[in-house]
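What follows draws every value from the coordinates through simple rules; no lab data is involved. No experiment lies behind these values; they were computed from the predicted model shown. Backbone-built Cβ (ideal geometry, glycine too); neighbour counts: all protein chains shown.
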Amino acid sequence: MSWGVYVHIPFCRRKCWYCDFVSAPGTRGQMTAYVKALQREIKIEGRRLRERGVTPPRTVYLGGGTPTALPVNLLLSVIESLREDILALTAEGEEREFTVEVNPGTVDASYLAQLKKAGVNRLSLGVQSFDDGILQNIGRIHCGEEAAEAVTLAQKLGFPEVSLDLMYALPGQSLDVLQKDVARALSLAPTHLSVYGLQVEEGTPLFQQVADGKIILPSEDEAEAMYDYLTNFLPSQGYSRYEISNFALPGHESRHNMGYWQDASYIGFGAAAHSYWQGERYQNTADVGAYIAAIPQDEPIREPEEVMTREIAMAEFCFLALRTAQGLDKERFRHKFGVSLAEVYGEVINGNKNKGLLVENENFCRLTPLGMKYGNMVFADFC
Amino acid sequence: MQKKNIRNFSIIAHIDHGKSTLADRLIEYTGTLSQREMAEQVLDNMDLERERGITIKAQTVRLDYRGKDGELYQLNLIDTPGHVDFNYEVSRSLAACEGARLVVDAAQGVEAQTLANVYLALEHDLEIVPVINKIDLPSAEPERVKHEIEEAIGLDTEGAVLASAKTGIGIEEILDAIVHKIPPPQGEAAAPLQALIFDSYFDSYKGVIAHIRVMEGQVKKGMKLKLMATGKIFEVTDVGCFKPQPMDLGELHTGEVGFVAGALKDVRDVRVGDTITEADRPAKEPLPGYRGVTPMVYCGIYPVDSVDYDNLKDALEKLQLNDAALVFEPETSVALGFGYRCGFLGLLHMDVIQERLEREYHLKLITTAPSVIYHVHKTNGEMVAVDNPAALPPATEIDFMEEPYVKATVIVPKDYVGAVMEISQEKRGEFKNMDYLDVNRVLITYHIPLNEIIFDYFDRLKSATRGYASLDYELEGYRESKLVKVDILLNGEAVDALSTIVHKDRATSRGRQLAAKLKEIIPQQMFEIPIQAAIGSKIIARENVRAHRKDVLAKCYGGDITRKRKLLEKQKEGKKRMKAVGKVEVPQEAFMAILKID
């Protein structure tokens, strides 16, 4: 079985103004306590997995928050725990994807070198934009130049996979500015790009600023022009759009993230981490303090998200797979649910085909480029 | 049984005043069923009847009761439908009785339907015995209600029984009053048979079973009988009474109530109100009061998925087996494809049929807004009855049109008289009369177009009177009216199933309201959808459904899945029943939008 490990580091230097994730600045003491709890959770889970004869995970992903907001020795001790308690199961020499999310404002050459040495082979850098004014507008702690330097550094140190996160529809960003951002990003020759449109979530400082009229966002039409530019230009430069918001050079897709869309299992460690195991979804308590307090007492921190019904399982299987360029694998659906895709969703598929949102062949059903634009409309039909 | 020991009676009451519960107690008290056999409200057979607390089909039961005088009495209870839609059916049931128990809720008092049914009973010279029910309620005011019955109906309440069907108080008194106050049936045993049909149902083994009251003569197994209205002749295979399960007796005598069956296949041959007589020795005349089936409202019923067309037909045919009042014929709509135009006795009847089609036959349906029957007088002198707005001839061919009016009776507490009058005027009502039933309650009569009644009149009355208004209506006749057809165009194309006929003076505002309502109902799609209302070629209103917002590039990783799916489910809500009309997906509600504008 191919499965993944996710570790959540709920700390950052300063919260970005658009961020609604479980993340906040932490003191050294909080970080130490958190890592200690994390190591214990990993150890206990590792023992359980070993007892059940589970084969080791194929991908590891350390995300946040900002994993690199931790002092390097703390982050290394998390990696060490994973190695001992989870990855030790590994058969020697097997290739594994090991990603760490990096905020360019938090790392130097020594930090990255130690990650490399610890076995990390993929870095995902939160660049967002190279325009310093825009970076300020959204509360990032780094400037464009620092981001570019971090990328170059990672490449020099020999990380085989370097991915950049970019954002569009940011306050102050015109199509022109976005084009410059993209040109700069491509000049750095990353293997992978994730591109997200800014979403203003309620409860974030940005939401308030927009509500107060202090910040003006690009219009819907401008945002669409940016979308069109990105989804046309990046593939023309060799970065194929293998999922709605992800682009990669051939063979450099994120295997960990592909797992989310292709129904692979994963176990999440740390506060607010989600797991998907044996067809059920779980979430760890999102309260960092409660997590730190509960773990040493062996109190349960992992709660089922909901009762998974067959209908829910089918809906999720479909809408996640449809996010990918490959699309929904009919044989896998059949194999998993014992019924053909057409039998369950024939009407839905035909309706969306007629609207030009879906196409299908014998083996796959996938979104058209128009369908990707109206993905939520199509997905809703499968729910 | 000797005629002098037979009593035929029905129970009349407003919805929820406890008619069915009282019937249950009588069955229980007389030992007709043991307690073990009693399901709550045994006489309401259909799930729907039990859920809605209404009686749709008449039911009868024979109770054997040993009176205080030591004599054995045969009491035939005929449970009647309690809704205005089934007025004719009620009248036939009442015609089969000599008396009626009038059940009035001790807290609620007299309601419009109570009155309507009492008047019906009085027309049939029935002996009416009042029962004040639910006296166990803390809010019961039996004296006030008695007073109201005297004032409103002019009925002596001296012998009124105070009862609680729920707790069993007063049940024996009710049975005694039936024996003593209601006269025994008349009729000659030797006369040619005259039996009144007051209901019928279809049994898959025995064919159509008619509920009858023997007025003259008698029925025996093997007799050759004739249905006077339809001319059908059949031989009696089963004859008996309901206890409440059918019990074969071999014969029914003068004055008795029961059933008769005999290889009759089609319920439409066995019409409520028809007279059964002997084939070889027919009665000179049928019993009075027979009327054919006359639907009051029509609507189109279409399968959401066209492959269900034949299933819909089968389902309608099966429902018709038990419901001769349901009529239907094939209809096609440009927008909705193949379906059926169905006629109903009224809105409740329509609701019940729709619900049964969906529930019992698992059909996904689109129903168009109900229409009354218009009389369209054409310039060439021809008159056509139009029950579908889409079928209205072009304006140039129409000389004038007539629409059905009803006499509407509303009872409300006096504080709400103003509200009732305001709504009734607005609904083109013509004030007729106002009476104080007592110091507090008022009976108001209006003549109102039926067209306005089916457009939310009762809903509006209810909300304007905090639920106190009760309504009853009966067809008053046809009147000339200035009517026009308002068409709706979606994306520039007229949608026949959304056309509606309205009074000329209201056409523009209705058109605007309808377009605005449709804007609310039709979900955003990939393109902008103009909605226009038009009279002929003149556009009177326009709205736009904006194009659905396109997605932004959004992430969806391990922690986002459940939340994301829930958002998608929310987005999907209410989207279930859509019909593609041209390029536009139209939800089922849209076809009823006209009923929802205010």
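For the reader, a short list of remarks on this structure follows.
- This ranking places B:Val145, A:Val182 by how few other beta-carbon atoms lie within 10 Å of each, fewest first, which gives A:Val182, B:Val145.
- No Cys partner within the rule (Cβ under 4.7 Å), chain A: A:Cys12, A:Cys143, A:Cys318, A:Cys365, A:Cys383
- Within 10 Å of each Cβ in A:253-261, the average number of Cβ atoms from other chains: 2
- Here the range A:1-70 and the range B:107-155 have alpha carbon centers that stand 75 Å from each other.
- Overall shape of chain A was characterised from the C-alpha gyration tensor. The equivalent ellipsoid obtained from it has semi-axes of 31, 29, 21 Å, in decreasing order.
- Charge-dipole axis of chain A as Lys and Arg at +1 and Asp and Glu at -1 on Cβ define it, positive-most pick from A:Leu123, A:Ile9, A:Gln39: A:Gln39
- For the pair B:Glu422 and B:Lys220, label points projected 7 Å from Cα toward Cβ lie 6.9 nm apart.
- Cα Rg, Dmax, chain B, angstrom units: 26.8, 90
- Sorted fewest first by neighbouring Cβ atoms within 10 angstrom, B:Ser91, B:Ser200, A:Ser245 come out as B:Ser91, A:Ser245, B:Ser200.
- Taking a quarter of the surface of the Cα convex hull of the range B:484-596 gives a mean projected area of 7.8 nm².
- The GluC sites (Glu not before Pro) found in the range B:123-167 that occupy coil by DSSP, while having at most 11 further C-beta atoms within 10 Å, are B:Glu158.
- Alpha-carbon gyration tensor eigenvalues x 5, square-rooted, for the range A:225-383, Å: 32, 22, 13
- A viscosity of 1.002 mPa s and a temperature of 20 °C, combined with the Kirkwood radius over C-alpha pairs in the Stokes-Einstein formula, give the range B:240-336 a diffusion coefficient of 125 µm²/s.
- At 1.306 mPa s and 10 °C, Stokes diffusion of the range B:375-481 via Kirkwood alpha-carbon radius, µm² per second: 105 µm²/s
- Helix-only CD estimate at 222 nm, as mean residue ellipticity for chain A, using -39500 (n - 2.57) per DSSP H run (n ≥ 4): -12500 deg cm²/dmol
- Cross-link partners of B:Lys68 among lysines (Cα-Cα below 19 Å; sequence separation of 8 or more within a chain): B:Lys3, B:Lys4, B:Lys181
- Ordering of B:97-106, B:181-190 by packing [mean C-beta count within 10 Å, highest first]: B:97-106, B:181-190
- Toward the positive end of the charge dipole of the range B:194-278, with +1 on the Cβ of Lys and Arg and -1 on the Cβ of Asp and Glu, the farthest Cα among B:His211, B:Ala263, B:His253 is that of B:Ala263.
- Within the range B:481-543, trypsin sites (Lys or Arg not before Pro) in DSSP loop having at most 14 other beta-carbon neighbours inside 10 Å: B:Lys482
- Length, then width, then depth: along the principal axes, the Cα atoms of the range B:194-278 run 28, 26, 22 Å.
- Over the range A:94-157: Rg over Rh, Cα atoms, Kirkwood Rh: 1.03
- Net dipole in debye of the protein assembly as shown [+1 Lys, Arg Cβ; -1 Asp, Glu Cβ; about Cα centre; nearest 20]: 2320 debye
- Selected from B:Ile453, B:Met526, B:Thr508, residue furthest toward positive end of dipole (the range B:404-545; charges at beta carbon): B:Thr508
- More than 45 angstrom apart: percent of Cα pairs within the protein assembly as shown: 51 percent
- Total charge dipole magnitude, the range A:3-261, about the Cα centre, Cβ charges on Lys, Arg, Asp, Glu only, Debye to nearest 20: 1240 debye
- Estimated dipole of chain B in Debye, rounded to 20 [Cβ of Lys and Arg +1, of Asp and Glu -1, Cα centre]: 2240 debye
- The mean number of Cβ atoms from other chains found within 10 Å of a Cβ in peptide A:162-168 is 1, as a whole number.
- The value given for the range B:297-367 is a Kirkwood hydrodynamic radius of 11.9 Å, derived from the mean inverse Cα-Cα separation.
- Of the residues A:Tyr6, B:Tyr361, the one with the fewest other Cβ atoms within 10 Å heads the list, and the complete ranking is B:Tyr361, A:Tyr6.
- The range A:104-180-the range A:222-300 distance, computed between alpha-carbon centres (Å): 18 Å
- CD proxy at 222 nm, helix term only [per DSSP H run n ≥ 4: -39500 (n - 2.57); per residue of chain B; nearest 500]: -7000 deg cm²/dmol
- Taking N as the residue count of the range B:510-554, its C-alpha radius of gyration divided by 2.2 N^0.38 Å amounts to 1.40.
- The range A:310-382 - Kirkwood radius from inverse mean 1/r over Cα pairs (Å): 11.8 Å
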